[in-house]
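For reference, the structure discussed in these notes is given below.
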Amino acid sequence: EVSAIRFRNGRLLAAVRRQIPGTSGEGFEDTVLTESTDAGKHWSKPCPMGNAAEVHVYLTELNDSRILATYSNYHLPWGVYAVISTDGGKTWDLEHPIQLALSASYWVGWPVTLQLPDGGLITSYASTSYLNQPPDRTTCEVVRWRLP
């Protein structure tokens with residue numbers, strides 16, 4: 001699973017889901033970032049973005065040039081979260097994740113976020129909204145929100 005964006009200056013940044021070396025199974029993955037400055041011909045060595053079990057990262061360059069990463073949290077509390085980078089994706093404010101949605105199980109994911117013309121944000125994602133009742137698996141949900 002890959003999410004990539006091209007910045008206004010042409011630089012590419014990609015978030016890639018990876019199985020943590022020496023592990024197997026759900027919950028033992030993380031996200032690594034890699035970048036290219038030559039239109040994708042060469043990529044930097046991938047480096048971890050955040051914590052284990054935080055995957056399905058979707059990158060959005062905001063109108064003010066900050067980078068928003070929305071992702072699925074496969075550890076408690078399960079759900080969809082967002083973090084901000086103010087330096088082009090080199091560092092992330094992992095101490096202040098924004099909780100967008102909770103899930104009844106770790107089956108949650110694939111958030112996609114777009115910035116609206118009014119500056120607000122809209123995120124769509126899959127979630128386990130109901131446990132032990134129909135629908136048995138996931139539902140598709142949408143949240144409209146603003147950054148603090």
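The values are calculated or read from the model by the stated rules, or taken from the named source; none is laboratory data. Predicted model only: the values in this text are computed from it and were never measured. Positions of Cβ are backbone-derived with ideal geometry, glycine not excepted, and every protein chain shown enters the neighbour counts. Ligands, DNA and RNA are excluded from the accessible area calculation, which covers all protein heavy atoms including side chains. Shrake-Rupley method; radii C 1.70, N 1.55, O 1.52, S 1.80 Å.
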query = Mind checking which residues of the stretch 117-138 are in contact (Cβ under 8 Å) with a residue 24 or more places away in the chain and not charged (D, E, K, R)?
reply = GLY119, GLY120, LEU121, THR123, TYR125, SER127, THR128, SER129, TYR130, LEU131, THR138
request  = Could you please let me know if ALA126 is closer than 20 Å to GLN19 by Cα and in contact with a strand residue (DSSP E or B) (Cβ under 9 Å, 6 or more places away or on another chain)?
outcome  = no
key: Test result for SER103, polar (S, T, N, Q) and surrounded by 17 or more Cβ atoms within 10 Å (Cβ to Cβ)   = yes
message = I'm checking my understanding of the structure. Among residues of the stretch 108-141 that are open to solvent by 30 Å² or more (accessible area, probe 1.4 Å), under 15 Å from the mean Cα position of the chain (by Cα) and hydrophobic (A, V, I, L, M, F, W, C), which one is farthest from ASN63 (Cα to Cα)?
response = TRP110
key: Where GLY88 falls short, out of the listed (1) touching an Asp or Glu at 6+ places or on another chain (Cβ under 8 Å); (2) farther than 20 Å from PHE28 by Cα   = (1)
ask   = Can you tell me which residues in the stretch 1-19 are open to solvent by 50 Å² or more (accessible area, probe 1.4 Å) and either of a type in the set (S, T, N, Q) or part of a loop (DSSP other than H, G, I, E, B) (or both)?
value = GLU1, ARG8, ASN9, GLN19
